[in-house]
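Let me begin by presenting the structure, written as structure tokens, before commenting on it.
Since every read-out is calculated from the coordinates, none of them should be taken as a lab result. All of these numbers come straight from a predicted model, not from anything done at the bench. Don't worry about glycine lacking a Cβ; one is built from the backbone with ideal geometry, like all the others, and counts go over all protein chains shown.
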């Protein structure tokens, strides 16, 4: 950016600065800057961390380019408040999580580039999002849905932990089918497990079961 002198400026006038800026995917040089110019281009820096939520208060912003940095965390939902935004470029960062549904409220958005991040989940539907192509999302292997060829319908069912007896990491039915040393080993393993990480009531319960089973086995051997 070069300085060309300013002085007093009335609304609708121009500032005496020149700068180069990337707008809607095109790089251009502005010899003068309109006083009402509302664009932020912080691309190709080494910014790290998350995008601040306060950015959602810039409701007059028309172009925002934060591409080619090391920004991480999720896209803030407050970006849905940027209703005047026409161009949003967050490409080539390390953004994670889902694309916020709030971005569908950006009715003036003409250009969107979220490529080369680590975003996941379904792409929001409706309004301007129905007009963006594959290039807007390239390089996000976890995204699915229109306009991508990857469907969101073939999601794997969640794996839930086993219930009932196996909840405490010890299968009682299998233990009771054991005999002799195998049974004693199973009771000992359960005792150690409960002693280290379970309430005393469970420890006493295991002790009683082990004692009764050993007496039962001893009685059978004496028959």
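Annotations for the structure displayed:
- Two-site label geometry, residue 46 and residue 151: point separation in nm, points 7 Å out along Cα→Cβ: 4.7 nm
- Entry note: region 38-144 has Rg to Rh equal to 0.92, where both radii use alpha-carbon atoms and Rh is the Kirkwood radius.
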